[in-house]
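A quick write-up on the structure given underneath.
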There are 2 protein chains.
Amino acid sequence: MKVIKFGGSSLASAAQLEKVLNIVNSDDDRRFVVVSAPGKRDAKDTKVTDALVKYYKAYIAEKDVTENQNWIIQRYRDIIDELKLGQNILEKITKAIIDLANLPIDNNRFLYDTFLAAGEDNNAKLIAEFFKKNNLNARYINPKEAGIIVTSEPGNARLLPSSYDKLEELRDSDEILIIPGFFGVTADDQICTFSRGGSDITGSIVAAGVKADLYENFTDVDGIFAAHPGIVHKPDSISELTYREMRELAYAGFSVLHDEALIPAYRGKIPLVIKNTNNPSHPGTKIILEHTSHSAPVVGIAGDNDFVSINISKYLMNREVGFGRKVLQILEELNIRWEHIPTGIDDMSIVLRGRELTPIKEQEIISQLTRKLEVDEVEIERDLSIIMIVGENMKSHIGVTSKAAEAFSKKHINLEMISQGSSEVSVMFVIKTEQEKDAIRALYQTFFKAKD
Amino acid sequence: MKVIKFGGSSLASAAQLEKVLNIVNSDDDRRFVVVSAPGKRDAKDTKVTDALVKYYKAYIAEKDVTENQNWIIQRYRDIIDELKLGQNILEKITKAIIDLANLPIDNNRFLYDTFLAAGEDNNAKLIAEFFKKNNLNARYINPKEAGIIVTSEPGNARLLPSSYDKLEELRDSDEILIIPGFFGVTADDQICTFSRGGSDITGSIVAAGVKADLYENFTDVDGIFAAHPGIVHKPDSISELTYREMRELAYAGFSVLHDEALIPAYRGKIPLVIKNTNNPSHPGTKIILEHTSHSAPVVGIAGDNDFVSINISKYLMNREVGFGRKVLQILEELNIRWEHIPTGIDDMSIVLRGRELTPIKEQEIISQLTRKLEVDEVEIERDLSIIMIVGENMKSHIGVTSKAAEAFSKKHINLEMISQGSSEVSVMFVIKTEQEKDAIRALYQTFFKAKD
C-alpha cells in the first residue's frame, strides 16, 4: 500500500489533474492521496496559498475582500469547469471561501492558519469529486476524521503521538482517501498548520501512520540531482539515497524536500520516492533506510554559503577541563546555534551560519571569550562556504578524501577547514565563498565525470 | 644575556661537568645556569633524585637510613674528588644530606619535596664551587634569594606572578649565578617542587624573569627529530620550530621538553634552543615565536596511540540548540577530559584518551546519552591513534592535506576522522593504531623523503 503526495504545481490545472488521475489509476496500491493547494500554472501565476494570505490581510485590515474572494473562487472554478465537475462542488468551495470572512478576528490565534489551510482543504474536496466522476472509489477525508491531531501552536503544529493509532485504522478502508496536506486539527477542533515542508509532512505522517510500503512524493522534477544544476551542467540524477545522505545534502543546500518533513517516514522506516508528475515513467530518486545495492562511494555534492567561523586560540587550551563546554555555554546563552567545532590542540573554531552572528552578538562573544575565558586570540572569519561530499559507502572506499583534497589542490582552492566525522556519511570542507562554484565543479568532475 | 639549563645526564660525572664548564666559559652571555640533580652515568646507574626518593621512604618508615645517606654522599664525593674540589664542599653536602633525616615527619606537607629538592640544591652548590675553582665569577644562589616564590602546593608548585619583579633584579648581577632547578620556596620558606618538566620549568621562569635573549636547554640529544627515530630510520632534526608547533608535536607524542615547562618562556617571548652537551657545536633545535625564514610547510610528524572515540548519532541532532553543550556537560560531570569533537550533521564524535574512559564511566556515558539526550545510536571505538602533521607554513601551501591523504590512501590506511582547524598549524588524522607506524612512515616519505 502506498501513500502518494502531489505538490502544488502537479495540481495547478485540469491538465495536471488528468495526469494525477492517471498516476493514481495506474496502481491499485495508491490508496492515500495527500494534496497541496493549486500552485502556479506558469511563472507569472499566483499560488492559491499566496492569494489566501492577501485575503487574510485584507480581512483583518477590515478592507473590502470581495475581489480576493472572487479571484480564489475563480481559480477553482477554472479547474471545475474544465473538468466538468458541476455546480455542487463549486458551490461548496465558494461557500467555504466566503465563510472565512465570517470568522472572528479578535482572540482567534488560529485565524491565519485557518485561512491558509483552505487552499489544501478545498483542493482535496475538488480532487475527490474529480476521482469519483472518473469511477474511482474515492473520498475526501478531513484531518480530524483521519486523526491528524496536533498541538495548539499556530504555524508550528506538531503531531500528537497518539494520532498514529487513529491513522492506522485507515489501513482497512477500501476507499481511496483524499487528504488535504499542510494542517491538522487541535484537540479543540482548531485548524493548525505545520511549520515547514507544507504538505510533505502530512504525507510523511500518513505514510508512517498507515504503515505504507512506500511514500511517493510527486513533484515537478525527475528526482534529486547529484549536484546543483545551476552550477554543474546537466548533472546526473540520484537513483537511490539513504535518509542520512538526504539529511546531509539538505543541510548543505539541497532543497527538494524539507528534511524535517521526513522525520515521521524515517522513524516509521517507510521508504520514499521523489517522482515527477510530468514524467511518471522516470524512476525518480528513492530514499531508503539502507542502501540495497553496492552503490558508488559518493552520491551527491552539496554546497552552501554564508558561514562564519569564530577562531579561538589559547596556549594550553587543551589542558583546561571544561573549556569547550564554556565556549558553547556562552553561545547558548546568546541563543546562537553553531554547526561545527573543528579543534586543534590550542585552538578551536566555531562554524556557524552568518545570520546567527549579528554585530551585537559578535561583540558580545569576543568580549566574553576574552574576559571570561581569557583566550589569547579571537578572530571572526566571514564569507565561508561549506562543501560536502556525501555517501554512506565512502567508509568502504579508501581514498575518497584524498581524491577530493587533490581536486581542490589542483584548482588552487585553499581548504580553510576539513572535517570528516566517524560516521563517514560525509566529508565537509570549509572554503572561501568566492571559490564555491569552482569547488563543486571540481568535485563533480572527480566523482561523477561531468558530461561535456 | 642567556639562561642556560643542564639536564641530569649533562651533570652526571666529572667528565660531563668539564663539558659544562667549557660551554659556559665559551660565551660571556651565559650568565644564569640552572642545574638538575646528577643523572645516570650509564644505563644501570641510579639517578640521585631516585636515590632521594628511597631515602625518604626509608626515613618515614623509620628504618635505618645510613646506607641511603652514604650512597648519595658517595655519589657527590666521586665528582668532588675527581674535580679536586676539596673537603669544604663535601662537608657542606654531607651535612645537608644527613640533616634531611632530622626534619619532622608529622604534619610536614613539604617533607617529600624537601628531600627531592636536595638533589638539585647540592648539585648547584657543587657546580658553583667547580666554576669558582676554574676562575669563573660564579655563585650558588638559592631559589629564595633568587625570588622564585611559589604557591604552597607540594609537588605542584606554581610561581607567584610577583616573583618576576624580584628575578628581574638579577639582571644587574655581574656574577654567573648557579640556580638549582625543580623547586621554589613558599612565602613560609618551605621547599616546594614543580609538578612536571623538572628543572626545565625553573630555566623557563628564570629566562622570563631576567628577560633573557635566549634560553638554552642542554640535554643529551642534538635537538628534536621530525619524526620518531624508533619509527623512521634516521629522521631529520628540526632546526627551527615555533612554540605553537612544539605544542602540537608534544601533544601527539613528542617528549623532549614538557610543554607546560615552556609557558613562562613563551609568555615572556623568550626564544629557546635545545642543544646537546655532548655535541655543543650542533646548532640544535630553536623554538621561537614566529618563523624567521621561509621554512618548509611541514616541520614534524607526530603520532600517539590509546585514543577512543565515542560516536553519537541522532536524526536532526543539528537542529537541537544546546545538544553539543549538553554532551560536553555530561563528560565534565564525569570528570572526563576530551580532545576533539569532529561533527557531521546528525552525528558527533568525542575523541579522548583511552585512560579517561574507565568501564564504569563508559557505561554511565552510554546510559546518560541514551536517557537524557535520547540519541539514536552511541558506539565506542577503541584502539585509535592520532597522527598529526605540524607546520605553521602549511597555511601558505595549498595541497598539504591532499598530499597527506594521498599518502594514506596509497598505503591502504583508512582515515577514521580528519580534522583541520582554522589555525592550520596542524592537520590531525585519526586512524586505527595497528596502522600508526605505516602512517608515520608514509607521511615522512611524502614530506621529508626518508634517507635509505
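The values are calculated or read from the model by the stated rules, or taken from the named source; none is laboratory data. Please read these numbers as outputs of a predicted model, since none were measured by experiment. Positions of Cβ are generated from backbone atoms using ideal geometry, with glycine treated the same way; all protein chains shown enter the neighbour counts.
What to note about this one:
- Answer from A:ALA138, A:ALA124 - the residue that is within 24 Å of the chain's Cα centre (by Cα), touching a residue at least 24 places away in the same chain (Cβ under 8 Å) and within 30 Å of A:SER13 (Cα to Cα): A:ALA124
- Here is the figure for segment B:6-16: residues that are buried (at least 23 other Cβ atoms within 10 Å of the Cβ) and part of a helix (DSSP H, G or I) total 3.
- With respect to the conditions (1) at pLDDT 90 or above; (2) in contact with a helix residue (DSSP H, G or I) (Cβ under 7 Å, 6 or more places away or on another chain); (3) over 23 Å from B:LEU316 (Cβ atoms), A:ILE287 lacks only one, and its number is (3).
- Exactly one residue out of B:ASN25, B:ASN107 is free of Cβ contacts under 8 Å to residues at least 24 places away in the same chain and either among the polar types (S, T, N, Q) or not assigned by TED's automatic domain parsing to the domain that holds B:LEU214 (or both): that is B:ASN107.
- Inter-residue pairs, beta-carbon under 6 Å, first without any contact (Cβ under 8 Å) to a residue 60 or more places away in the chain and in segment A:334-345, second surrounded by fewer than 22 Cβ atoms within 10 Å (Cβ to Cβ) and assigned to a loop (DSSP other than H, G, I, E, B), 6+ apart: A:ARG337/B:VAL321
- Pairs, first more than 7 Å from chain B (Cβ to nearest Cβ) in segment A:409-420, second outside any loop (DSSP other than H, G, I, E, B), C-beta under 6 Å, six or more apart: A:LYS411/A:ASP438; A:LYS411/A:ALA442; A:ILE413/A:ILE431; A:ILE413/A:GLN435; A:ILE413/A:ALA439
- Annotation note: of B:ILE389, B:ILE440, the sole residue that is more than 14 Å from chain A (Cβ to nearest Cβ), in contact (Cβ under 8 Å) with a residue 40 or more places away in the chain and farther than 30 Å from A:ASP259 by Cβ is B:ILE440.
- Set side by side, the residues B:LEU328, B:LEU257, B:LEU249, B:LEU272 differ, and just one is within 8 Å of chain A (Cβ to nearest Cβ), out of contact with any Leu (no Cβ under 6 Å at 6 or more places or on another chain) and crowded, with 20+ Cβ neighbours inside 10 Å, which is B:LEU328.
- B:ALA212 being under 28 Å from B:GLY147 (Cβ atoms) and not in a loop (DSSP other than H, G, I, E, B): no
- The numbered conditions (1) touching a strand residue (DSSP E or B) at 6+ places or on another chain (Cβ under 9 Å); (2) more than 27 Å from A:ALA58 (Cα to Cα); (3) in contact (Cβ under 8 Å) with a residue 12 or more places away in the chain are all true for A:LYS132 except (3).
- The residues in segment A:217-230 that are within 20 Å of A:GLY181 (Cα to Cα) and in contact with an Asp or Glu (Cβ under 9 Å, 6 or more places away or on another chain) can be counted, and the count is 1.
- Qualifying residue in segment A:240-247 (condition: assigned to a strand (DSSP E or B), in contact (Cβ under 8 Å) with a residue 60 or more places away in the chain, touching a strand residue (DSSP E or B) at 6+ places or on another chain (Cβ under 7 Å) and not assigned by TED's automatic domain parsing to the domain that holds A:GLY39): yes
- When the criteria are applied in full, B:ILE238 fails the requirement of being over 30 Å from B:ILE366 (Cα atoms), under 18 Å from the mean Cα position of the chain (by Cα), surrounded by fewer than 23 Cβ atoms within 10 Å (Cβ to Cβ) and at pLDDT below 95.
- Any chance B:ALA37 is at pLDDT 95 or above and in contact with a strand residue (DSSP E or B) (Cβ under 9 Å, 6 or more places away or on another chain): yes
- Checklist (1) closer than 17 Å to B:ILE270 by Cβ; (2) in contact with a Phe, Trp or Tyr (Cβ under 6 Å, 6 or more places away or on another chain); (3) polar (S, T, N, Q); (4) outside the structural domain of B:ARG31 (by TED's automatic domain parsing) applied to B:SER237, failing item: (1)
- In segment B:394-425, the qualifying residues are those that are touching a Gly at 6+ places or on another chain (Cβ under 6 Å) and polar (S, T, N, Q), and the one that is modelled with the highest pLDDT is B:SER409.
- Taken together, the criteria place B:THR358 among residues that are over 25 Å from the mean Cα position of the chain (by Cα) and either away from chain A (no Cβ under 11 Å) or buried (at least 20 other Cβ atoms within 10 Å of the Cβ) (or both).
- Qualifying strands (runs of 3 or more DSSP E) (wholly inside segment A:263-323; at least 3 residues being over 17 Å from the mean Cα position of the chain (by Cα)): A:300-313
- B:LYS361 vs. criteria farther than 24 Å from A:ARG247 by Cβ and of a type outside the set (A, V, I, L, M): yes
- Some residue of segment B:428-435 being touching a helix residue (DSSP H, G or I) at 6+ places or on another chain (Cβ under 9 Å), more than 8 Å from every other protein chain (Cβ to nearest Cβ) and surrounded by fewer than 22 Cβ atoms within 10 Å (Cβ to Cβ): yes
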